[in-house]
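The values are calculated or read from the model by the stated rules, or taken from the named source; none is laboratory data. As the structure is a computational prediction, the values presented were derived from the model and not from experiment. Note that each Cβ is placed from the backbone with ideal geometry, even for glycine, and that neighbours are counted across all protein chains shown. Keep in mind that these areas ignore ligands, DNA and RNA; they rest on the heavy atoms of the full protein, side chains included. Shrake-Rupley method; radii C 1.70, N 1.55, O 1.52, S 1.80 Å.
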Amino acid sequence: MSDATARRRWVAWALVAAAAIGALAWAVARTRGLDEQTQATNPIFRWEYLLVRERTPEELWARTREHLELTVVPVVLGTVLSGVLAALVLRFRVLQGTVFTLAGVLYTIPSLALFGILSTYVSNWTSAVAALTTYTLLIITRNIVAGIDGVSPAALDAADGLGMGRRQRLLAVELPLATPVILTGIRVATVTTVGLVGISKVIQLGGLASYVFDGFNRDYSTLIILGSASMVLLAVVLDLALRGVERLLTPWARRAGAR
Amino acid sequence: MAGVTKTFPGSEGPAVAPLDLTIPAGELTVLIGPSGCGKTTTLRMINRLVEPTAGTITIDGTDIRERSLTELRRGIGYVIQQIGLFPHRTIAQNIATVPKLLGWDKRTTAARVDELAELVGIEREMLRRYPSELSGGQQQRVGVARALAADPPILLMDEPFGAVDPIVRSRLQHELLDLQSRMRKTIVLVTHDIDEAVALGDRVAVLNVGGVLEQVAAPDDLLAEPANEFVAAFLGAERSIKRLALSGVMSLHLDPGPVVDRRASDAEARQALERGGLDWLAVLDGDRFLGWVAAADLDGRPIADLQPEVLRARVEPTATLREALEVILTSHTSTALVVDADGTYHGAVTLEAIREGLAR
């Protein structure tokens, strides 16, 4: 894995962690101001909200599903689109600069602005998916191109010399060997998207982040912690799942590493 | 190859000047030369990894451009210095690359993979491993097995042993010669190592910078009579020493040697001693070699009464001149006797005989 992708992944994780810690700090600061009597009846986290309140499981599940949907759909769409973009770049190298710059520009559009613009034309859900998809393009496209560029020239020379056609070489040699780098890109994009979904609250979505926003509005730390913790958990679970997929798809890398 | 030339875009002169070269079927032809001589380019034009700028290459009378690119390449084995095994495929899958492309059924392919593993000396349990789990030498064996998988009549090898250490390299070279003596493929091998060229090639083509063909000849002829200054300089100062490794002792006119029959009398032995001009005699029983006796030990008794001693200055008939020279230099007698493993005597090798053999 390249240094750049490793760094991007750390940035994504740092953002998620910072959000969680910030929420916690806010909750602690809130509680400090209250006297002991109130604090006893008004703890940082009310477990009964999670365990006793009847509506909570259903609501939590609905928001998790929304969050998951708003993560998975953009990442899948983004992967497909990135595949097309990467194929263009690999086929016509002159396009590389243009495609990367364009994806870079899209990446820098503030998400709030993008939600706002899009939602005036299409439904809220569509604009959220479109915006979030946009943000995955840069990372995934670059990793596909880098992954395929990184395949050893010797393996390619052998593939050509042994009589593989262009297509056979791509499917049997280049894509499998680029898989670790491509999957790393998808993983970074996924974790980043889990964090970005929250902002779609401005267009009445937001998934698990809705808890955090509600918590802020109502000065209710339980909701903030519930929302943050579930988001972190979701990011971790998705990251681990993708690592599992990578291990399954690249048995050779594992055995080489185990030596 | 007729008038084959290649000029890369953006470069001044051609990488390969118009080149005419005939590569005989069933022989190992080595392309050698300094870097920039276009030897690899020439090799890669044969399987069209590089397209010639002009000229035609024919295999068995057919222009290689008449066949489809993939069909041509699947019929030509290809081995490169960097080996280029597919790291995500097991050894068995790597070897099966071309059979799979050709659509062989699973059974035939698996049988062929086993056969090749045996041929190149890869243990069966390694077949399930990945390339990164093998040593460099083992990987190159797999590279050769992969190239041979569909039994192509032609094998192209681009510095196949360049990336392994000297000990493994010499072992792989011997294995290649051994394989070639059984397979009789048409092999074109590129190297920059003159010792490798001389050791492996049936014929050696020396190329100069810009792809100019300077000489094509059998290794011994090349070393004995380099066509010009360039070839001589490229072969190096030790041409005669290199030639020593190429001929066997049986190619010399063997001297009868300082021999005496075990039934000879003392007087006969003294005559033989004079003829031989040495201070010892080899004792024979018919054509069987028994040992040697020193001149000082001749004391009037017949030879049969003396106890012949074990001789160290002896070589087998399969020895090269180089091995014979080694024995001569380290023995006290400037003579080595050629004796079979079963004791049959063939004659004597002297420094003079070796010198004459090289002079030819």
Along its three principal axes, how long is the stretch B:132-290 when you only count alpha carbons? Whole Å, largest extent first please. 70, 43, 28
Carbon/sulfur accessible area of the stretch A:104-257, % of total, 1.4 Å probe, equals 67
Residues losing 30 Å² or more accessible surface upon assembly, the stretch B:87-135, compared with the chain by itself, 1.4 Å: B:Pro87, B:His88, B:Arg89, B:Leu101, B:Tyr130, B:Ser132, B:Glu133
Which residue, B:Gly277, B:Gly33, B:Gly257, tops the fluctuation ranking in a GNM of chain B built on C-alpha contacts under 10 Å? B:Gly277
Residue-by-residue Karplus 3J(HN,Hα) for the stretch B:307-320, coefficients 6.51, -1.76, 1.60, Hz, glycine and proline x: 9, x, 9, 6, 9, 8, 7, 10, 10, 7, x, 7, 5, 7
Sites removed, the longest contiguous part of chain A containing no DSSP-loop chymotrypsin sites (Phe, Trp or Tyr not before Pro) with at most 12 other Cβ within 10 Å is A:122-259
Counting only Cα, what are the radius of gyration and maximum Cα-Cα distance Dmax of the stretch A:64-152, in Å? 14.2, 48
Three principal axis extents, largest first, for the C-alpha atoms of the stretch B:2-244, in Å? 54, 43, 32
Rounded to the nearest 500, what is the 222 nm mean residue ellipticity of chain B from helices alone, with -39500 (n - 2.57) per DSSP H run of 4+ residues and division by all residues? -10000 deg cm²/dmol
For B:Ile59, enumerate residues with amide H under 5 Å from its amide H, sequence gap 5+ or separate chain, H modeled in the peptide plane. B:Ile64
Pull up all non-local amide H partners of B:Leu189: gap of 5 or more, or a different chain, and H-to-H distance under 5 Å with H placed in the peptide plane. B:Thr29, B:Val30, B:Leu31, B:Met157
How big a patch of accessible area, both sides summed and in Å² to the nearest 100, lies buried between B and A at a 1.4 Å probe? 2000
Degrees, to the nearest 10: A:221-249 long Cα axis against longest axis of chain A: 20
Per-residue ³J(HN,Hα) for the stretch B:225-230, Karplus 6.51 cos²θ - 1.76 cosθ + 1.60, θ = phi - 60°, Hz, x for Gly and Pro: 9, x, 5, 7, 4, 4
Whole number in Å², please: accessible area per residue of the stretch B:116-236, 1.4 Å probe, ligands, DNA and RNA not counted. 40
Angle in degrees between helix A:124-149 and the longest Cα principal axis of chain A, rounded to the nearest 10: 40
Under the Karplus curve 6.51 cos²θ - 1.76 cosθ + 1.60, θ = phi - 60°, whole-Hz ³J(HN,Hα) for the stretch A:205-211, x wherever Gly or Pro sits: 10, x, x, 5, 5, 4, 4
Long-range HN-HN contacts of B:Glu214 with modeled amide H, under 5 Å: B:Val206, B:Leu207, B:Asn208
